[in-house]
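The structure appears right after this line, and notes come after that.
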Amino acid sequence: MQGVGFRDWLVTTARGLGLSGWVRNRSDGSVEAFFSGDAGAVDDCIRACRVGPRLAAVDRVKVSPAEATEMRGFAIRPTL
């Protein structure tokens, strides 16, 4: 979901929930994100991603567990 401000929206959303992590576009047109923080806040952020920002048309959200990582802040990473 590129070109609709999804990454900027997700930074604002994740920070508002007190999460750390990152978001980036992928060369296949998808968006990938990593969330670290309170489990309830992570679940809230995932639910928000299923809707996305106003101009988004989210087709699906795939959730995969990841190793816990000590991170600070929530940032946009370069496209992979």
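The values are calculated or read from the model by the stated rules, or taken from the named source; none is laboratory data. This one's a predicted model, so the numbers in the text were calculated from it and none came from an experiment. Every residue, glycine as well, gets a Cβ built from its backbone with ideal geometry; the counts of neighbours run over all protein chains shown.
Some notes on this structure:
Yes/no matrix, rows are residues, columns are (1) within 10 Å of the chain's Cα centre (by Cα); (2) among the aliphatic types (A, V, I, L, M):
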position: V4; (1), (2): no, yes
position: D8; (1), (2): yes, no
position: W22; (1), (2): yes, no
position: G29; (1), (2): no, no
position: S36; (1), (2): no, no
position: D44; (1), (2): no, no
position: D59; (1), (2): no, no
position: T69; (1), (2): no, no
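- Selection of the range 62-80 for residues being surrounded by 14 or more Cβ atoms within 10 Å (Cβ to Cβ), more than 14 Å from T12 (Cα to Cα) and at pLDDT 90 or above yields only R77.
- Residues of the range 1-48 that are within 14 Å of V61 (Cα to Cα), small (G, A, S) and in a helix (DSSP H, G or I): A48 alone.
- Options A33, A41, A48: the member that is without any contact (Cβ under 8 Å) to a residue 24 or more places away in the chain and surrounded by 14 or more Cβ atoms within 10 Å (Cβ to Cβ): A33
- Flag if R24 is surrounded by 13 or more Cβ atoms within 10 Å (Cβ to Cβ) and in contact with an Asp or Glu (Cβ under 6 Å, 6 or more places away or on another chain): yes
- Taken as a whole, the condition of being assigned to a loop (DSSP other than H, G, I, E, B), within 12 Å of the chain's Cα centre (by Cα) and at pLDDT below 95 applies to G52.
- D28 falls short on exactly one of the conditions (1) of a type outside the set (S, T, N, Q); (2) free of Cβ contacts under 8 Å to residues at least 12 places away in the same chain; (3) in contact with a helix residue (DSSP H, G or I) (Cβ under 8 Å, 6 or more places away or on another chain), and that condition is (3).
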